[in-house]
Every structure is written in C-alpha cells, then in structure tokens.
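Values quoted throughout were computed directly from the atomic coordinates according to the rules given, and no laboratory measurement underlies them. These figures come from a predicted structure and were not determined experimentally. Cβ: placed from backbone, ideal geometry, glycine included. Neighbour counts: every protein chain shown.
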Amino acid sequence: MGIIGTSKKVKLFCGIIFSDEKIKQTTFSNIENEFGKIDFISDILPFEFSSYYNPEMGQNLKRLWISFKKLIFSSELANIKVSTNSIENSFVLNSKRQINIDPGYISPANVVLATTKDYSHRIYLDKGIYAEVTTIYKKNGYIKLPWSYPDYLSDIATKFFLEARQVLISELKGC
C-alpha cells in the first residue's frame, strides 16, 4: 500500500491573452498583489492559433506567460483560478472580457492548466474548476498531447516553460 502524502510545491504561472497594453499592465499589478512577485515574463507572440476569443475580445490579440517567484502547493490551483476569473471580471466591458488569464503550474514532470470547462481528459478539482495536464516533460523537452493547445507548444512557450522549470528544480532542491 502506498503512503498518503501531501500536495507538492510547484511553480505558478498564468497564460495571458490581451490586446490593450494598459489593461495588461494593470492586470500584472493586480496579479502580483494576489500571488506575489512575477519572476519571469515570456516574449509576446501574436495570438493567431485560434479565433475562439475574437468575438469576445476583438482582433490583434497577443499571448504571453508569466510565472511567480513564490512556489505554491498544487492543491491551491482551484482557488487561484477563481481569483484570476475575478481579476478578469474586473475588466469586463459590455459583457465582454478585455483580458484572459489562465493559471496553471509547472512541476518537474508536466505543465498543468486550470479551466472551468469539463472534458474527457480533465479532472475536477473544486469550486467548478478542472485541471488538465497540458504537456509532459520528457528527455529535455515537452511532449505534445492530443489536447495540447498549439500556443503552449510554440517556441516562445517552450522556452518559457523550460526556463521556469529549471528555476523550480533549483528552488525545490533548496526546500
């Protein structure tokens, strides 16, 4: 029989889609107030992977990822998603979001993303929040899964997740 353990420490990140630079900067400030200091910001790439957000958020969307200095416990993810949804809602204009914030975490083994949408490969966490393993780390890189979002496999995302993963591993050795 296995021994019941506790939740592991992981590196919190947020994937952000936006078009307005001022809203992005205000969001960064709100997010830091909620989750602590940002330690990494990816390069920005045009969000041309899907038109899913266009009816709500408009055209010329941009995508980036940020991570945080303070490690979290993986069990905190549902509460974090509820908080990021609240931050998103503070920017709603005419019933439309101006920014999309998707939190997740990086572990040594994978990248996990929080969502409000249920699907066959997602596991219910709490408070209407689900989690999915978005990519798996294996042999010095991330492996695509059938449901991996293409932007999460982009060169910019891969660079961001690999660098954040290295920092996480160093920090876990110090724990």
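Report, to the nearest 10°, how far helix 21-35 tilts away from the longest principal axis of the Cα atoms in the chain, using its own Cα long axis and a range of 0 to 90°. The angle comes out near 30 degrees. Computed over the chain with a Gaussian network model linking Cα atoms closer than 10 Å, the most mobile of 119, 52, 152 is 52. For the chain, a Gaussian network of Cα nodes joined below 10 Å ranks 160, 18, 28 by mean-square fluctuation, and the top entry is 28.
When only the Cβ of Lys, Arg, Asp and Glu is charged (+1, +1, -1, -1), the dipole of the chain relative to its Cα centre reaches about 440 debye. Looking only at 108, 55, 46, which one moves most when the chain is put into a Gaussian network model with springs between Cα atoms under 10 Å? Residue with maximal mean-square fluctuation among 108, 55, 46: 55. A Förster radius of 22 Å, combined with the Cβ-Cβ distance separating residue 95 from residue 116, puts the computed FRET efficiency at roughly 0.85.
Principal axis extents of the C-alpha atoms in the range 3-70 (largest first, rounded to whole Å): 49, 27, 20.
Quantify how much of the Cα-Cα distance distribution of the range 50-175 extends past 22 Å, in percent.
41 percent
Cross-link check: pairs 81/117; 62/127; 117/144 evaluated at a Cα-Cα cut-off of 18 Å; pairs beyond the cut-off: 62/127; 117/144. Along the axis of the charge dipole computed for the range 1-102 (Cβ charges of +1 for Lys and Arg, -1 for Asp and Glu, origin at the Cα centre), the listed residues 18, 55, 4 are led at the positive end by 4. Loop only by DSSP, 14 or fewer other Cβ within 10 Å of the Cβ. Give me the GluC sites (Glu not before Pro) in the range 1-95 that pass, ordered by residue number. Taking the range 1-95 and a limit of 14 other Cβ atoms within 10 Å, the loop GluC sites (Glu not before Pro) found are 48.
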